[in-house]
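Down below is the structure, laid out as structure tokens.
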Amino acid sequence: MRPLFIVVRIAGAALIVAAMVVQITNNYGQWIKLGIRHLENIPINFFSYFTIDSNVGTVVVFVIGAIVLLRKRNDPRWFGILRGCVVAYMTVTGIVYNTLLRGIPVPLNAVVPWTNEVLHVIGPLLIILDWLFAPGRLRLEWKNLWWVVSFPIVWAIYTMIRGPLAYNDVAQKRTWYPYPFLDPSTAPEGYVSVAFYVVLIAAIICGVGAAVIWVSRRRERWPLPARTAA
């Protein structure tokens, strides 16, 4: 199992990096065609998506995880917590995209279809399967749920503060939000709808985080039963 998951982690990280590079390159191309000058907004907006942040975390986890397996070690505690957090984030990414966002029209043909599937479907599936079956998984404590919810809270605060201040170059208006259900100007009931979705997603993250911890507590997966790691 260990050699298999070394390959899966390296290949998964490479695929996700390729998808992100192709997607952000496509964004630059579309903006240049439209004559939009403020290209510096592209990377800021790109990395303001929870999806992208989660996928960056997945790349980090897969690369470090491959090194851990190559060294025939089980997860260090800090890495086990990080890994569990990213599993929860990617699971939520897949759930939210496929229930709320799939099929919503995207302006300017800004999304490359295959990269979209990698970032929202393949990536989440890979890291979930890795959490379930890869060796070396750490037994997490229930108090680690605070680590799981900490980043989404920070991201939501950042998004709601930046949203009214950011300039949407494509729509030529003030305000830019990464997802339409977070934009009070387009949500059916304004801030009430936004608050509902924020609470809903927070509940999903807590539930998924609890499931991730529960899985880790069922059975630790050690690559070498006779060996321990710090």
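The values are calculated or read from the model by the stated rules, or taken from the named source; none is laboratory data. Here the structure is a predicted model, which is why all the values come from computation and not from measurement. We place every Cβ from the backbone using ideal geometry, glycine too, and count neighbours over all the protein chains shown.
Is it true that some residue in the stretch 37-59 is in a helix (DSSP H, G or I) and acidic (Asp, Glu)? Yes, the stretch 37-59 has at least one match. Just one of the listed residues (Ile10, Ile67, Ile32, Ile16) is among the β-branched types (Val, Ile, Thr), surrounded by fewer than 19 Cβ atoms within 10 Å (Cβ to Cβ), touching a residue at least 12 places away in the same chain (Cβ under 8 Å) and part of a helix (DSSP H, G or I), namely Ile10. Of all the residues in the stretch 175-197, those that are in contact with a helix residue (DSSP H, G or I) (Cβ under 7 Å, 6 or more places away or on another chain) and without any contact (Cβ under 8 Å) to a residue 12 or more places away in the chain number 3.
Restricting the stretch 139-174 to residues that are free of Cβ contacts under 8 Å to residues at least 40 places away in the same chain and among the charged types (D, E, K, R), the residue that is surrounded by the fewest Cβ atoms within 10 Å (Cβ to Cβ) is Lys143. Can you find even one residue in the stretch 168-184 that is modelled with pLDDT of 85 or more, farther than 30 Å from Thr25 by Cβ and either over 17 Å from the mean Cα position of the chain (by Cα) or of a type outside the set (Gly, Ala, Ser) (or both)? Yes, the stretch 168-184 has at least one match. Give the residues of the stretch 100-138 that are modelled with pLDDT of 90 or more, loosely packed, with under 15 Cβ neighbours inside 10 Å and over 19 Å from Ile52 (Cβ atoms), sorted by residue number. Across the stretch 100-138, the qualifying residues are Leu129, Leu132, Phe133.
In the stretch 198-215, the residues that are farther than 19 Å from Ala156 by Cβ form Cβ pairs under 6 Å with partners that are crowded, with 19+ Cβ neighbours inside 10 Å, at six or more places apart or across chains, as follows: Val212/Gly84; Val212/Val87; Val212/Ala88; Ile213/Leu140.
Among residues that are modelled with pLDDT of 95 or more and among the aliphatic types (A, V, I, L, M), Ile95 is not included. For the stretch 183-194, the condition of being polar (S, T, N, Q), assigned to a helix (DSSP H, G or I) and either touching a Lys or Arg at 6+ places or on another chain (Cβ under 9 Å) or on the phi < 0 side of the Ramachandran plot (or both) holds for at least one residue. Of the set (1) part of a loop (DSSP other than H, G, I, E, B); (2) surrounded by 19 or more Cβ atoms within 10 Å (Cβ to Cβ); (3) free of Cβ contacts under 8 Å to residues at least 60 places away in the same chain, all apply to Asp75 but (3). Across the stretch 200-230, the qualifying residues are those that are assigned to a helix (DSSP H, G or I) and at pLDDT below 90, and the one among them that is farthest from the chain's Cα centre (by Cα) is Arg218. The set of residues in the stretch 118-128 that are touching a residue at least 60 places away in the same chain (Cβ under 8 Å) and under 16 Å from Gly65 (Cα atoms) comprises Gly123, Leu126, Ile127.
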